[in-house]
Amino acid sequence: MPEDVALSHANDAGLLAEETDPVTGEALDNFPQAFSHIDLINAAHAIRDAGQQLPSQGAEHQSPA
């Protein structure tokens, strides 16, 4: 899941760096917590909302008679 990838880059205190080295995964630069955590929360909400909008399995569309 995408949120698992983001969380895998958190340090031992759970902080997410502004940038991450794409090869080593090392945290680079600052730790602007508001932006990274808001994005993580928004991604989780988007995933949840997308799952709620899926049509239910086996539902048939019938037109009124």
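FYI, it's all coordinate maths here, none of it is from the lab. What you are looking at is a predicted structure, and each value in this text was computed from that prediction instead of being measured. When we count neighbours, we look across all protein chains shown, and the Cβ atoms used for this are built from the backbone with ideal geometry, even at glycine.
Quick one: which residues, 5+ away or cross-chain, put their amide H under 5 Å from the amide H of THR20? H built at 1.01 Å from N. Amide H neighbours of THR20, under 5 Å, 5+ apart: LEU28. Take the Cα of ALA44, go 7 Å toward its beta carbon, and the backbone nitrogen atoms of segment 5-25 under 18 Å from that spot belong to 5-17. Our estimate of slack between LEU15 and HIS37, defined as 0.36 nm per intervening residue step minus the Cα-Cα distance, is 7.0 nm. Only the Cβ atoms of Lys and Arg (+1) and of Asp and Glu (-1) were treated as charged; on that basis the dipole of segment 7-50 about its Cα centre amounts to roughly 260 debye.
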